[in-house]
1. Conditions first: (1) closer than 30 Å to VAL37 by Cα; (2) touching an Asp or Glu at 6+ places or on another chain (Cβ under 9 Å). LEU169 passes all but one, so which condition is the exception?
2. Among the residues of segment 162-201 satisfying the criterion of being among the small types (Gly, Ala, Ser) and either crowded, with 18+ Cβ neighbours inside 10 Å or assigned to a helix (DSSP H, G or I) (or both), which is farthest from the chain's Cα centre (by Cα)?
3. Any residue at all in segment 95-113 that is under 24 Å from GLU147 (Cα atoms), touching a helix residue (DSSP H, G or I) at 6+ places or on another chain (Cβ under 6 Å) and of a type outside the set (Phe, Trp, Tyr)?
4. Have a look at ARG84, ARG71 and point out the one that is touching a residue at least 60 places away in the same chain (Cβ under 8 Å), crowded, with 16+ Cβ neighbours inside 10 Å and basic (Lys, Arg).
5. For the subset of segment 33-65 comprising residues that are among the basic types (Lys, Arg) and closer than 13 Å to THR133 by Cβ, which member is surrounded by the most Cβ atoms within 10 Å (Cβ to Cβ)?
6. Which one of ASP53, ASP67, ASP46 is among the acidic types (Asp, Glu) and under 26 Å from GLY118 (Cβ atoms)?
7. Given the options GLY131, GLY118, name the one that is modelled with pLDDT of 95 or more, of a type in the set (Gly, Ala, Ser) and either within 21 Å of SER60 (Cβ to Cβ) or surrounded by 14 or more Cβ atoms within 10 Å (Cβ to Cβ) (or both).
8. Counting residues that are at pLDDT below 95, which strands (runs of 3 or more DSSP E) fully inside segment 1-63 reach at least 2?
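The values are calculated or read from the model by the stated rules, or taken from the named source; none is laboratory data. No experiment lies behind these values; they were computed from the predicted model shown. Cβ coordinates were reconstructed from backbone atoms using ideal geometry, including for glycine residues, and neighbour counts include every protein chain displayed.
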Amino acid sequence: MTVSESVRGQGADIRDIAAEWPVTESVTPFTGKKTSVRSDQVRMPDGSVVGRDYQVHPGSVAVVALDEDDRVAVIRQYRHPVRRKLWEIPAGLLDIPGENPLHAAQRELYEEAHIKAGDWRVLTDVFVSPGGTDEAVRIFLARGLAEAEGERYAVSDEEADLLHERVALADLVRGALAGELQNTCLVLGVLAVHAARTGDGLDALRRADAPWPARPFD
């Protein structure tokens, strides 16, 4: 019997649950512009206390903007920590505590791709690396695309070197599985769209204002 079969046999509830082990001490040795590093002393179930260092992050949103020709709006951007130019989907931070993630996603789609969308759904919610950061990301699906009104958003720094394209969803799925595309949100987003289509369909996805316990909003 495999571990998964054993778990199913016990009637396990296969959902993530909120839990919090006691923290006996917490310090913040570094604070940056948007994120910080926290060092906690955490009491384990056996009574021992161990240190856990992690990045504290405000959270992010990302958007799979899918047009009527089944193409996705993507951006190539330089990412210094990995020394790569990565193909990505429009994404950005939740800059304001308690900000509605849909509003943030609409803003990022406008600023990074100069696109507006008529139909919004939640594709998936993820913790990008829960062993090292508390960053939570909500990935949206946007359809009914049109060019946004007004002037394009002014860019600077890395964003001044952005390359914009619309790429067939099928090509992005193949690239993700081949290891040619490695940005977390792009890979998760396009695979989620593919999976949703083979399941209950895109219209069965959660509403754009679905609750998000990891980053509650008004």
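1. (1)
2. Here the answer is ALA170.
3. There is no residue in segment 95-113 that is under 24 Å from GLU147 (Cα atoms), touching a helix residue (DSSP H, G or I) at 6+ places or on another chain (Cβ under 6 Å) and of a type outside the set (Phe, Trp, Tyr).
4. Of ARG84, ARG71, the one residue that is touching a residue at least 60 places away in the same chain (Cβ under 8 Å), crowded, with 16+ Cβ neighbours inside 10 Å and basic (Lys, Arg) is ARG71.
5. Among those that are among the basic types (Lys, Arg) and closer than 13 Å to THR133 by Cβ, it is ARG38.
6. Going through ASP53, ASP67, ASP46 in turn, just one is among the acidic types (Asp, Glu) and under 26 Å from GLY118 (Cβ atoms): ASP67.
7. GLY131
8. none
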